[in-house]
Amino acid sequence: MGGVAPSAVWTPILRQLWDAADPYRAVYHGEEASRHTAQKQHAALLRAAKHRDTERAVKILRDHRQQTIDRLRGALDKKP
C-alpha cells in the first residue's frame, strides 16, 4: 500500500460499512439467536483470516450475508 499503514486504509472502509448497516442492526440484533449466530460467524471469520484460509473466509462471509438478509426480510415482513 505504498507505505500506508493497513489500519489507515481499513479503518475508513470499516467505519463506512458499520454506518451503512446502522438502520438494520437494531432490527437484526433485537433477537438473541441473531446476536449469537453473528458472534459465532465473526469469530470463525477471524480464525479463517488468521490462518489465511481464503476459501473458508469467503464461505463464512457469504453465509453470514445471506443469513442476515433472510433474518432482516423476515423481521421487516412482520405485520405490526
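Any read-out appearing in this document is the output of simple, stated calculations on the displayed coordinates, not a laboratory observation. Bear in mind that the values here come from a model prediction, so they are computed numbers and not experimental data. Cβ placement follows ideal geometry from the backbone for every residue including glycine, while neighbour counts extend to all protein chains displayed.
Does anyone have the angle between helix 54-77 and the longest principal axis of the chain? Alpha-carbon axes, 0 to 90°, nearest 10?
Between the helix axis and the principal axis of the chain, the angle is about 30 degrees.
Computed over the Cα atoms, what is the radius of gyration of the chain divided by 2.2 N^0.38 Å, N being its residue count?
Details: Rg = 15.1 Å, N = 80, 2.2 N^0.38 = 11.6 Å.
It is 1.30.
Can you tell me the orientation of helix 6-28 relative to the chain, as the angle in degrees between its alpha-carbon axis and the longest Cα principal axis, to the nearest 10?
0 degrees
Report the paramagnetic label zone for Lys40: residues of the range 46-80 whose backbone N is under 13 Å from a point 7 Å from Cα along the Cα-to-Cβ axis.
It comes to 64, nothing else.
If you wrap a convex hull around the C-alpha atoms of the range 18-63 and split its volume per residue, what is the figure in Å³? If you can, show how the numbers build up before the last one.
On the way: hull volume 3.4 nm³, N = 46.
For the range 18-63, the hull spanned by Cα atoms encloses 74 Å³ per residue.
Quote to one decimal, in nm, the extra length available between Leu76 and Ala33 on full extension: 0.36 nm per residue of separation minus the C-alpha distance between them. Each step should come with its number before you reach the end.
On the way: separation 43, 0.36 × 43 = 15.48 nm, distance 1.66 nm.
Extra length from Leu76 to Ala33 when fully extended: 13.8 nm.
With everything on Cα atoms, drop me the angle between helix 32-50 and the longest principal axis of the chain, reported from 0 to 90° to the nearest 10.
Rounded to the nearest ten degrees, it is 20.
With +1 on each Lys and Arg Cβ and -1 on each Asp and Glu Cβ, how big is the dipole of the range 1-78 about its Cα centre, in debye rounded to the nearest 20?
Dipole about the Cα centre, nearest 20: 220 debye.
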